[in-house]
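Notes follow once the structure below has been shown.
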């Protein structure tokens, strides 16, 4: 069984991959454009699976997992290029939601 990696380890894996190329990470605006592109591809896949606009026969077969992986890879690249530790960033956001939105949604009964 494959052992799951931590977010920190995944960031290191991406950095090791990118570091083997002279070009390195893209500039921030280019990274944002890549994120937008990948989000568009994810959106297209969601529309195909759950929406009314199905793919043409000429469009490549992909899946939500693959598209989320592509989006996440670029997000990790962006975070790495800005020296942002995603585990810390996500932990801070979760804490913010737990405080700010603690009474916003209807809780499930146990």
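The values are calculated or read from the model by the stated rules, or taken from the named source; none is laboratory data. None of these values were measured; they are calculated from a predicted model. Counting neighbours? That spans all protein chains shown, and the Cβs are built from the backbone with ideal geometry, glycine included.
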Inset, instruction - Tell me, yes or no, whether the range 55-77 has at least one residue that is within 18 Å of the chain's Cα centre (by Cα) and in contact (Cβ under 8 Å) with a residue 60 or more places away in the chain. - result: yes
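Have a look at 35, 39, 7, 12 and point out the one that is within 20 Å of residue 89 (Cβ to Cβ) and either in contact with a strand residue (DSSP E or B) (Cβ under 7 Å, 6 or more places away or on another chain) or without any contact (Cβ under 8 Å) to a residue 24 or more places away in the chain (or both). Don't jump to the end; show me each part of the working.
On the way: 35 fails: either in contact with a strand residue (DSSP E or B) (Cβ under 7 Å, 6 or more places away or on another chain) or without any contact (Cβ under 8 Å) to a residue 24 or more places away in the chain (or both); 39 fails: either in contact with a strand residue (DSSP E or B) (Cβ under 7 Å, 6 or more places away or on another chain) or without any contact (Cβ under 8 Å) to a residue 24 or more places away in the chain (or both); 7 fails: either in contact with a strand residue (DSSP E or B) (Cβ under 7 Å, 6 or more places away or on another chain) or without any contact (Cβ under 8 Å) to a residue 24 or more places away in the chain (or both).
Sole residue among the options that is within 20 Å of residue 89 (Cβ to Cβ) and either in contact with a strand residue (DSSP E or B) (Cβ under 7 Å, 6 or more places away or on another chain) or without any contact (Cβ under 8 Å) to a residue 24 or more places away in the chain (or both): 12.
Listed here are the residues, each with its yes/no results for (1) exposed (fewer than 12 other Cβ atoms within 10 Å of the Cβ); (2) part of a helix (DSSP H, G or I); (3) modelled with pLDDT under 95.
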residue	(1), (2), (3)
16	yes, yes, no
25	no, no, no
62	no, no, yes
77	no, yes, no
99	yes, yes, yes
Legend entry - Lone unmet requirement of (1) at pLDDT below 95; (2) part of a loop (DSSP other than H, G, I, E, B); (3) surrounded by 10 or more Cβ atoms within 10 Å (Cβ to Cβ) for residue 2: (3)
Legend entry - Residue among 86, 39 that is surrounded by 15 or more Cβ atoms within 10 Å (Cβ to Cβ), under 15 Å from the mean Cα position of the chain (by Cα) and more than 18 Å from residue 13 (Cβ to Cβ): 39
